[in-house]
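The values are calculated or read from the model by the stated rules, or taken from the named source; none is laboratory data. All of these numbers come straight from a predicted model, not from anything done at the bench. FYI the Cβ positions are ideal-geometry reconstructions off the backbone, even for glycines, and counts take in every protein chain you see.
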Amino acid sequence: MVQPKKKRVWDLPTRLFHWLLVLAFALAWATYDDSRHLDIHTISGYTFFALLLFRLVWGVVGSHYARFSEFNYTPGEVLSYLHSLFGDGTKYYIGHNPAGAWAIFILITLGLLLSTTGLIVLGGEEQQGLLAGYISFDQSEPFRMLHEMIAWGILTLVIVHVSGVIIESLLQRENLIGAMFRGTKWVVGESAMVPAHRLIASLIFISAIIWGGLSLNTYLISSDDQPYQPFKGPSLAMNDLWNEECGACHLAFHPSLLPARSWQYLFTQQENHFEEDLMLDEETLSELLNYARENSAEKNKTEAAWKINRSVMKNERPLKITSITYWKEKHSEISDAIWQKKSVQSKSNCGACHFDAEQGTFQDSAMKIPD
């Protein structure tokens, strides 16, 4: 009998790509529904995208078993391989088997679509990233759902892929997951020579470390006085008179947090402003009302304004920000104990959690619930 020999099949760049991609997707998945960690989600997404671009290049110029031409199987070959799993004639593949090969091609395709839709959502809904300013809030809305659907598709494919690897490992009596860590497999007969490519792998690893460090280093230098704000919102129009008059009693809420009809009513009924009389003269009242109209929620100058305006029916005229459906949904999971803390005390004390409350931008990740 011909004795199997341990041969390198997967080079270092391929293995590093594989596990970094797993890590990037896992981090992005873990943070996709937590606005406070939008920066982690975004950094993971960029990393995921960059790794896929590398794999496209490495699939052309990489080592033998990493090249796309080596595992470019037809649909018939895939079906034949899947059928053989239930028989006695399962063919042994040194590199990717037909089913695994197609899983890789599908994963790369879905991954590129996931990255593209993510960039569109980031640019439109958050007005951040490479496409900021080119896409409106409304234009990005359909892509959010598509982005989530593709992510679920990738997760499903990963589960199927891992299941297939486990099944083949049992059938071939070989630890294929371990092979992707160590790079070697027991091979019978001839196999292609696979260089380690340590230099390229080192460059990938060092680049990942530098990218992660530069992206997250501000976490280390943040403080209560200078909190970490990964995304800065747009510079909204400010009005000194507004800040002086409104800020005398409470936070000078930016006009973008209510529709124009709400501000119209609040100022025209100034003698009964939540059981207080504002006692504003006509000139002051006119300036404040004009400022409010020009910067109301309908202008969609921030994500918060856009979502507030969407959640208010045309026949509604909310007088309190805390009565708006969107506000209630965003704060539904905050316990009474948090509201009663000395650092909070009131639902109108936005600055207790939002670092950019005075600027009126209310970026998703610019907040921290007090311990």
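Odds and ends about this structure:
Residue-wise test of (1) farther than 28 Å from residue 208 by Cβ; (2) assigned to a loop (DSSP other than H, G, I, E, B); (3) at pLDDT below 90.
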| position | (1), (2), (3) |
| --- | --- |
| 44 | no, no, no |
| 49 | no, no, no |
| 87 | yes, yes, yes |
| 102 | no, no, no |
| 111 | no, no, no |
| 135 | yes, yes, no |
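- Among residues of the stretch 270-290 that are in contact (Cβ under 8 Å) with a residue 12 or more places away in the chain and farther than 11 Å from residue 245 by Cα, none has a beta-carbon under 9 Å from a residue that is loosely packed, with under 10 Cβ neighbours inside 10 Å and of a type in the set (Gly, Ala, Ser) at least six positions away or on a different chain.
- Among the candidates 58, 29, 10, 19, the residue that is closer than 24 Å to residue 209 by Cβ, assigned by TED's automatic domain parsing to the domain that holds residue 117 and not in a helix (DSSP H, G or I) is uniquely 10.
- Listed by position, the helices (runs of 4 or more DSSP H) inside the stretch 149-256 whose residues that are surrounded by 15 or more Cβ atoms within 10 Å (Cβ to Cβ) and modelled with pLDDT of 90 or more number at least 1 are 198-221, 240-247.
- Residues satisfying the stated conditions in the stretch 332-366, i.e. under 17 Å from residue 227 (Cβ atoms) and acidic (Asp, Glu): 356, 358, 364
- Selection from the stretch 94-137 of residues that are more than 27 Å from residue 47 (Cα to Cα) and in contact with a Gly (Cβ under 8 Å, 6 or more places away or on another chain): none
- Test: residue in the stretch 83-104 that is within 23 Å of the chain's Cα centre (by Cα) and either surrounded by fewer than 20 Cβ atoms within 10 Å (Cβ to Cβ) or in the same structural domain as residue 10 (by TED's automatic domain parsing) (or both): yes
- Boolean, residue 303 is touching a residue at least 40 places away in the same chain (Cβ under 8 Å), within 33 Å of the chain's Cα centre (by Cα) and surrounded by fewer than 16 Cβ atoms within 10 Å (Cβ to Cβ): no
- Screening 22, 9, 78, 57 for residues that are under 29 Å from the mean Cα position of the chain (by Cα) and under 24 Å from residue 166 (Cβ atoms) leaves exactly one candidate, 22.
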